[in-house]
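Written out below as structure tokens is the structure these notes cover.
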Amino acid sequence: MATIATSYTPFIATFFPKPAEETKLLDFIQTKLPIYVAQRSPKIKPVTGSQHLYELKVRIGADFYRLAYRYEANQIQALYLTKTLRKVHFDREVLRFLRSSS
């Protein structure tokens, strides 16, 4: 099995004001997310309207978030995190964010 490299955007790295929450998120991205991707977890869903963009619900501390990431050629790049949990709203929100940041 090929190894999967991970990275994340500055938006992800600065999302949480508390260092403990940030550490939990970055640990999830670097250790658990590659395992989920390799195992093709049913938790992972495509983001409607974008190719190679996926999302899943993540629990950090007591709260749940949705994480959007791009996966291509054994590379994962975490792009966006939000407390918006409804998938339809999340898909619109992440696409709007990506359009505005490019």
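Looking at this structure, is Thr48 closer than 15 Å to Leu98 by Cα, surrounded by 13 or more Cβ atoms within 10 Å (Cβ to Cβ), in contact (Cβ under 8 Å) with a residue 60 or more places away in the chain and hydroxyl-bearing (Ser, Thr, Tyr)?
Taking the combined requirement at face value, the residue does not satisfy it.
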- Item | Selected residue [part of a strand (DSSP E or B), out of contact with any helix residue (DSSP H, G or I) (no Cβ under 6 Å at 6 or more places or on another chain), surrounded by 12 or more Cβ atoms within 10 Å (Cβ to Cβ) and free of Cβ contacts under 8 Å to residues at least 24 places away in the same chain] from Arg59, Arg70, Arg92 | Arg70
- Item | From Thr14, Thr6, residue being among the hydroxyl-bearing types (Ser, Thr, Tyr) and loosely packed, with under 14 Cβ neighbours inside 10 Å | Thr14
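Search the stretch 25-44 for residues being outside any loop (DSSP other than H, G, I, E, B) and polar (S, T, N, Q), and hand back the single one that is surrounded by the fewest Cβ atoms within 10 Å (Cβ to Cβ).
Of everything passing the filter in the stretch 25-44, Thr31 is surrounded by the fewest Cβ atoms within 10 Å (Cβ to Cβ).
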- Task: Determine whether the stretch 45-55 contains at least one residue that is hydrophobic (A, V, I, L, M, F, W, C), touching a helix residue (DSSP H, G or I) at 6+ places or on another chain (Cβ under 9 Å), outside any strand (DSSP E or B) and modelled with pLDDT of 95 or more.
- Result: yes
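Among the residues of the stretch 21-32, is any of a type in the set (Ser, Thr, Tyr) and in contact (Cβ under 8 Å) with a residue 40 or more places away in the chain? Working first, answer last.
Looking only at the stretch 21-32, we keep the residues that are of a type in the set (Ser, Thr, Tyr), and these are 23, 31.
Now narrow it down to the ones that are in contact (Cβ under 8 Å) with a residue 40 or more places away in the chain: none.
The answer is no, given that none of the residues of the stretch 21-32 is of a type in the set (Ser, Thr, Tyr) and in contact (Cβ under 8 Å) with a residue 40 or more places away in the chain.
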- Assess whether Glu22 counts as being closer than 14 Å to Val94 by Cα and either crowded, with 16+ Cβ neighbours inside 10 Å or touching a helix residue (DSSP H, G or I) at 6+ places or on another chain (Cβ under 9 Å) (or both). no
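The values are calculated or read from the model by the stated rules, or taken from the named source; none is laboratory data. The model shown is predicted, which means the values in this text are computed figures rather than measured ones. Every residue, glycine as well, gets a Cβ built from its backbone with ideal geometry; the counts of neighbours run over all protein chains shown.
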